[in-house]
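Q: Take this structure first; my questions come after.
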Amino acid sequence: MTTFQELGLSPELLQSINNMGFEEATPIQRDTIPTAFKGTDLIGQAQTGTGKTAAFGIPLIEKMDTKSRLVQGIVLAPTRELAVQVAEELNKIGQFKGIKTLPIYGGQSIVRQIKALKNGPHIIVGTPGRVQDHINRKTLKLDRVHTVVLDEADEMLNMGFVEDIEKILENVPTERHTMLFSATMPKQIQNLAAKFMKDVLLIKVKASEMTVKNIEQEYVEVKERQKFDALCRFMDIHSPELAIVFGRTKRRVDELSEALSKRGYSAEGIHGDLPQAKRDKVLRAFKNNTIEVLVATDVAARGLDISGVSHVYNFDIPQDPESYVHRIGRTGRAGKTGYALTFITPREIDHLYTIEKITKRKMVKRVIPSVSEAMEGQQQITLEKLMEVVEEDNFSGYKQTAVELLEENDSVTLLAAALKLLTKEPDTTPISLTDEPPLSVKKRRPNNRFSDRRRSGSGGKREGGGGRDRRSGFSKGERSGSREGGSRSGGRDQSYRSQKRVREDFKNRG
Ligand SMILES: Nc1ncnc2c1ncn2[C@@H]1O[C@H](COP(=O)(O)OP(=O)(O)OP(=O)(O)O)[C@@H](O)[C@H]1O
Ligand SMILES: [Mg+2]
């Protein structure tokens, strides 16, 4: 165990870390913070949800000069929501040192951002498009920046972003400290990264598997037409606290969230073609538990830290193993348990093997639950809710009516009727979902992945690895306004009940 004190943090940072409830450093924090303090360029790779943000955030903030009103540090992130989330975390870490971090991203009023930039933030967390926009307008100067971080570095350095990053870095002094972080770091991206750094050190937290152990991973083979009913049945059985359902395209997400709502689930969709205000609203509702199911493109696959996400459903198989790792990493964060289920159509089975090979982890095969199993699942949920009310013992106003009812009916009949009333029975409301063709082999390859993004057509538009840019389907009109797109967020605590439920689900699946 390594404490933050042992890592040599200043009293101000120790105070904020303590306020944030961090008791000990995670392995990536333990391994990277001392190296970062020395100013060595590094690539930090560790599994999803293991505290990479603070691993770069702590040294970044320690290096800030509070007396200066110039921007000294910049963090680049692939999506808007992730930029916001990272800025929030940095503001927490820098709270007692008086370090101000400002997120700047597309889709938000540029005038507001220009005003905020004049307030002298020490650190900027931005999406590449909007950062470039401010550089061009001369509303953001990076000539005093001494530390640069690329969060989700492999995503940032893919072909869709690399030119933007190069352009931004041209504005930063060459004498700088650069840090790259991600849960995945394909070899070719590591090689590319060397171009941006000096004597780079790869700090990789050793793990036998690429995904965290506490995420239960399963798959189910389904025909395209069976997918939706299968999803509903699985969700009825699992009863997720919060679930993310990933679809391949924007159209898919729209249709899926509408179909789920029709069937009585509390679901909303998020993707890069939605106005930023809508994206913010949906994500806020998900974090507040106002909605229980977030249907998303890969825009929500990277970095988002929403506690309470107990289940991830890959309704469509991800485009590549990296995307799989990040998608399922939205659950099972900070040591919590999680569950991920991937739908595979018969022609996509090879993709499953590739994912298993790269992640070094086998998924357990499931079969589609029957209607009666789904029904049992729902009854179980009703029972749990009922027993909670019984424990709360706050229903004396109903007792007289109960006594009267029991005079004319037997208790089993009454209870069964009440259970029926409370149970969400399997619903067969017709829905409309356009078939998605199976993922083809060539689209999986990282090098093709990016050109796929550029090619994305209108109907079933792909979002690409993060649904960000003109190249990833974030498309039109984002040059000056809302170019990058994307999405991520911050968190709550998973309740005991949901954890218990997850565990019980695991047991039920045997
Ligand atoms: N030392 C710590 N002790 C306890 N919780 C921590 C610690 N460090 C970070 N966390 C919390 O763990 C959660 C995950 O952290 P973070 O989002 O930085 O993960 P990540 O490694 O960047 O994941 P991803 O690869 O998905 O981006 C956050 O809620 C964060 O506040
Ligand atoms: Mg992260």
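The values are calculated or read from the model by the stated rules, or taken from the named source; none is laboratory data. Keep in mind that what you see is a predicted model, and the values were worked out from it rather than measured. Virtual Cβ from ideal backbone geometry, glycine too; neighbours counted across all protein chains shown. In case anyone asks, the SASA skips ligands and DNA or RNA and just uses the protein heavy atoms, side chains included. Shrake-Rupley method; radii C 1.70, N 1.55, O 1.52, S 1.80 Å.
Q: Could you tell me which numbered condition residue 264 fails, if it satisfies all but one of (1) at pLDDT below 95; (2) under 17 Å from residue 328 (Cα atoms)?
A: Here residue 264 clears every test but (2).
Q: Might you check whether a residue that is open to solvent by 10 Å² or more (accessible area, probe 1.4 Å), within 13 Å of ligand 2 (Cβ to nearest atom) and small (Gly, Ala, Ser) occurs anywhere in the range 48-61?
A: yes
Q: Same structure again: From the list 371, 364, which one is touching a strand residue (DSSP E or B) at 6+ places or on another chain (Cβ under 6 Å) and of a type in the set (Val, Ile, Thr)?
A: Being touching a strand residue (DSSP E or B) at 6+ places or on another chain (Cβ under 6 Å) and of a type in the set (Val, Ile, Thr) holds for just one of 371, 364, which is 364.
Q: Looking at the range 310-327 only, could you name the residues that are under 9 Å from residue 244 (Cβ atoms) and within 11 Å of ligand 1 (Cβ to nearest atom)?
A: Matches in the range 310-327: 327 only.
Q: With respect to residue 97, determine if the residue is within 14 Å of ligand 2 (Cβ to nearest atom) and open to solvent by 10 Å² or more (accessible area, probe 1.4 Å).
A: no
Q: Output the number of the condition that residue 1 fails; it satisfies all remaining conditions of (1) crowded, with 23+ Cβ neighbours inside 10 Å; (2) at pLDDT below 95.
A: (1)
Q: Now for a separate question. Mind listing whichever residues of the range 320-339 are open to solvent by 10 Å² or more (accessible area, probe 1.4 Å) and of a type in the set (S, T, N, Q)?
A: 323, 337
Q: Okay, next question. Do you know which residues across the range 257-286 are buried (at least 20 other Cβ atoms within 10 Å of the Cβ) and either within 16 Å of ligand 1 (Cβ to nearest atom) or at positive phi (or both)?
A: 283, 286
Q: Do we find that residue 22 is under 27 Å from residue 162 (Cα atoms) and within 16 Å of ligand 2 (Cβ to nearest atom) in this structure?
A: Taking the combined requirement at face value, the residue does not satisfy it.
Q: Please state which of the following conditions residue 307 fails to meet, knowing it meets all the rest: (1) assigned to a loop (DSSP other than H, G, I, E, B); (2) modelled with pLDDT of 95 or more; (3) not acidic (Asp, Glu).
A: That leaves (2) as the condition not met.
Q: Would you call residue 236 farther than 29 Å from residue 187 by Cα, outside any helix (DSSP H, G or I) and touching a helix residue (DSSP H, G or I) at 6+ places or on another chain (Cβ under 6 Å)?
A: In short, no.
Q: OK, next. Just for the range 34-47: of the residues that are surrounded by fewer than 23 Cβ atoms within 10 Å (Cβ to Cβ) and in contact (Cβ under 8 Å) with a residue 12 or more places away in the chain, which one is nearest to ligand 1 (Cβ to nearest atom)?
A: 34
Q: Still on this structure, I have one more. Being aromatic (Phe, Trp, Tyr), out of contact with any Leu (no Cβ under 7 Å at 6 or more places or on another chain) and away from ligand 2 (no atom under 15 Å from the Cβ): is that true of residue 37 here?
A: yes
Q: Applying the selection to the range 196-224, what residues are within 16 Å of ligand 2 (Cβ to nearest atom) and within 22 Å of residue 59 (Cα to Cα)?
A: Residues satisfying the conditions are 203, 204, 205.
Q: Considering only residues that are away from ligand 1 (no atom under 13 Å from the Cβ), assigned to a helix (DSSP H, G or I) and not acidic (Asp, Glu), which ones fall in the range 61-83?
A: Correct list: 61, 80.
Q: Another question, if that's okay. Here are some residues: 90, 157, 142. Which one is over 29 Å from residue 286 (Cα atoms), buried (at least 21 other Cβ atoms within 10 Å of the Cβ) and within 16 Å of ligand 2 (Cβ to nearest atom)?
A: The conditions single out 157.
Q: Out of (1) open to solvent by less than 10 Å² (accessible area, probe 1.4 Å); (2) touching a helix residue (DSSP H, G or I) at 6+ places or on another chain (Cβ under 6 Å); (3) not assigned by TED's automatic domain parsing to the domain that holds residue 378, what's the single condition that is false for residue 215?
A: Among (1) open to solvent by less than 10 Å² (accessible area, probe 1.4 Å); (2) touching a helix residue (DSSP H, G or I) at 6+ places or on another chain (Cβ under 6 Å); (3) not assigned by TED's automatic domain parsing to the domain that holds residue 378, the lone unmet condition for residue 215 is (3).
Q: On to the next question. Here are some conditions: (1) away from ligand 2 (no atom under 16 Å from the Cβ); (2) of a type outside the set (Ser, Thr, Tyr); (3) in contact with a helix residue (DSSP H, G or I) (Cβ under 9 Å, 6 or more places away or on another chain); (4) open to solvent by 10 Å² or more (accessible area, probe 1.4 Å). Residue 365 meets all but one. Which one does it not meet?
A: Every listed condition holds for residue 365 apart from (3).
Q: Okay, next question. Taking the range 167-187, which residues are touching a helix residue (DSSP H, G or I) at 6+ places or on another chain (Cβ under 7 Å) and away from ligand 1 (no atom under 16 Å from the Cβ)?
A: Across the range 167-187, the qualifying residues are 167, 168, 171.
Q: Among the numbered conditions (1) within 16 Å of ligand 2 (Cβ to nearest atom); (2) free of Cβ contacts under 8 Å to residues at least 40 places away in the same chain; (3) open to solvent by 40 Å² or more (accessible area, probe 1.4 Å), tell me where residue 30 comes up short.
A: (1)
Q: Restricting to the range 172-195, count the residues that are open to solvent by 40 Å² or more (accessible area, probe 1.4 Å) and either among the small types (Gly, Ala, Ser) or within 16 Å of ligand 2 (Cβ to nearest atom) (or both).
A: Going through the range 172-195 one residue at a time, the tally reaches 1.
Yes or no, residue by residue, for (1) outside any loop (DSSP other than H, G, I, E, B); (2) within 24 Å of residue 85 (Cα to Cα):
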position	(1), (2)
5	no, no
12	yes, yes
18	yes, yes
25	no, yes
29	yes, yes
40	no, no
44	yes, yes
47	no, yes
50	no, yes
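Q: Only one of these conditions is not met by residue 17: (1) surrounded by fewer than 23 Cβ atoms within 10 Å (Cβ to Cβ); (2) away from ligand 2 (no atom under 16 Å from the Cβ); (3) at pLDDT 95 or above. Which number is it?
A: So residue 17 meets the others, but not (1).
Q: Search the range 370-388 for residues that are without any contact (Cβ under 8 Å) to a residue 12 or more places away in the chain and pair each with any residue that is in a helix (DSSP H, G or I) and surrounded by 15 or more Cβ atoms within 10 Å (Cβ to Cβ) when their beta-carbon atoms are under 7 Å apart and the residues are at least 6 apart or on different chains.
A: Pairs found: none.
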